[in-house]
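Worksheet: the structure to be examined is printed underneath.
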Amino acid sequence: PTGAAPWTDISGATSATCAPGTLTTSTWYRRAVTSGSCGTVYSSGIAITVNPIPVATATPSSQSICSGTAPFISLSSTVANTTFNWAVTQSGVSGAVAGSGITIAQTLAATTNTSGTATYIITPTAGTCSGTPVSALITVKALPVVSATPSSQAICSGAVPSIALTSNVTGSTFAWTI
């Protein structure tokens, strides 16, 4: 019904309050009051609007970036006009902050010589309904700093120079150019 007939009685619903249970679609209710022999009086129809719960998607949900750059995470939902708020925890990373919007693109920096992570926990909200939070994991790779030892060298003609390269990042590889 839309406030007018036809109405269907709810079996067993005879108290002054009504708790119909979990609803998944919008529904109309009205109350019938009977007092002695004076007949039955009906209330106006009461609309119960059921709003959908948004389901969020973070794309991509996992990403690796180099220190000093920003990830690009696009947020979407199954419900139009959903807003997104996020909290973040970071380990070995700086630059990640809580926020809101439809994209996450914050410049992140590794704070050690190993990779760090920033985990964003994103909560979708449509109207007054909040959906289940989703996460996005960003791995921030440390940038290598190369050191040459010695930094300069003087040799005699025909001698072979000896230069050693080291990096602050374990597992770095080196390539030489002239």
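The values are calculated or read from the model by the stated rules, or taken from the named source; none is laboratory data. Just so it is clear, the model here is predicted, and its values are computed rather than measured. For neighbour counting, all protein chains shown are included, and Cβ atoms are generated from backbone atoms with ideal geometry for every residue, glycine included. The area values use the complete protein model at the heavy-atom level, side chains included, leaving out ligands, DNA and RNA. Shrake-Rupley method; radii C 1.70, N 1.55, O 1.52, S 1.80 Å.
In whole percent, and with a 1.4 Å probe on the protein chains, what portion of the accessible area of segment 44-178 is carbon and sulfur? Can you show the working numbers first?
Numbers: 4700 of 8060 Å².
Percent of accessible area from carbon and sulfur atoms in segment 44-178: 58.
For Thr69, the residues whose amide H sits under 5 Å from its own are Leu108, ignoring neighbours fewer than 5 places away on the same chain, with H placed 1.01 Å from N. Measuring between their Cα centroids, segment 138-164 and segment 79-105 lie 40 Å from each other. Rounded to whole numbers, the Karplus 3J(HN,Hα) couplings from phi for segment 89-101 are 10, 10, 9, x, 9, 10, x, 8, 9, 5, x, 8, x Hz, using 6.51 cos²θ - 1.76 cosθ + 1.60 with θ = phi - 60°, and x at Gly and Pro. Between Thr177 and Ile53, the modelled label-to-label distance comes to 5.5 nm, taking each label 7 Å out from Cα in the direction of the beta carbon. Averaging the sequence gap over all C-alpha pairs within less than 8 Å and six or more residues apart, then dividing by the number of residues, gives the chain a relative contact order of 18 percent. Per residue, the solvent-accessible area of the chain (1.4 Å probe, heavy atoms of protein chains only, all protein chains present) comes to 66 Å².
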